[in-house]
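Here's the structure, in structure tokens; my notes come after.
The values are calculated or read from the model by the stated rules, or taken from the named source; none is laboratory data. Quantities reported herein were computed from a predicted structural model and do not represent experimental measurements. Neighbour counts run over all protein chains shown; Cβ positions are idealised from the backbone, glycine included. SASA here: full protein model, heavy atoms, side chains in, ligands and nucleic acids out. Shrake-Rupley method; radii C 1.70, N 1.55, O 1.52, S 1.80 Å.
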Amino acid sequence: AQSVTQLDSQVPVFEEAPVELRCNYSSSVSVYLFWYVQYPNQGLQLLLKYLSGSTLVKGINGFEAEFNKSQTSFHLRKPSVHISDTAEYFCAVSPGAGSYQLTFGKGTKLSVIP
Amino acid sequence: NAGVMQNPRHLVRRRGQEARLRCSPMKGHSHVYWYRQLPEEGLKFMVYLQKENIIDESGMPKERFSAEFPKEGPSILRIQQVVRGDSAAYFCASTGGTGELFFGEGSRLTVL
């Protein structure tokens, strides 16, 4: 069984400051890892994904994440946030091997303060 | 180039009625997933379907819920005899096997 823990339910940050949203997972098998963003009353949009290869993954809107197998983490970072980054962010894991049955964390609400 | 289309976007039902949620996957996608999002929660997997087949329904409640993905037409998630606890956002996602799930904008069910 897999699980995902997002350690912070809410993260306020000032505009142009850096941000890190934390995600830890547990799984007994190799995994695929994802970050999704959800704007109010909308669906989920993929920010970035780790399937294999380089542990540093770059995504859309200036976000990046680093896969750390020893710490079972996949933290999301952005060096300078914008007001438009205000949204809820979900970390997710799938068992890999072509499976897209995702297990999601509970989400982190990022609020960017002008 | 339409993405994943879900309808209705909002649905209000009284307790005991039936809710039908529809999902048309992206063009060329034959794999459909349904997820449910309860308030203040992440998304929970419900069911995975391919055309005319239910591949994995391990996340579906045992009673009142069913899903199908016929050869022609959209995938349907059906909830019979709805209760207040069914109030949630229901998301459909499709994939063509490229390493990404594409999500629809969701159907928000409110049970009065």
Sort out the exposed loop GluC sites (Glu not before Pro) in chain B (DSSP loop, at most 11 other Cβ within 10 Å) and tell me the longest stretch that has none.
B:73-112
Could you please state how large a percent of the accessible area of the stretch A:1-71 is carbon and sulfur, counting protein chains only and using a 1.4 Å probe?
48 percent
Of all DSSP beta bridges in chain A, antiparallel share, percent nearest 5:
85 percent
Quick one: which residues, 5+ away or cross-chain, put their amide H under 5 Å from the amide H of A:F63? H built at 1.01 Å from N.
none
Sequence-distant or interchain residues sharing an amide H contact under 5 Å with B:A88, placed H: which?
B:L109
May I ask for the accessible area buried between chains B and A, both sides summed, probe 1.4 Å, to the nearest 100 Å²?
1700 Å²
Test item: A:5-17 mean partner chain Cβ contacts at 10 Å:
0
Using alpha-carbon pairs under 8 Å, 6+ residues apart, how would you state the relative contact order of chain A in percent?
37 percent
In chain B the accessible area split gives carbon plus sulfur, as whole percent at 1.4 Å, a share of 45 percent
Search the structure for amide H atoms under 5 Å from the amide H of A:V11, placed 1.01 Å from N in the peptide plane, and list their residues when 5 or more places away or on another chain.
A:K109, A:L110, A:S111
Would you mind getting the accessible area per residue of chain A, heavy atoms of the protein chains only, 1.4 Å probe, in Å²?
48 Å²
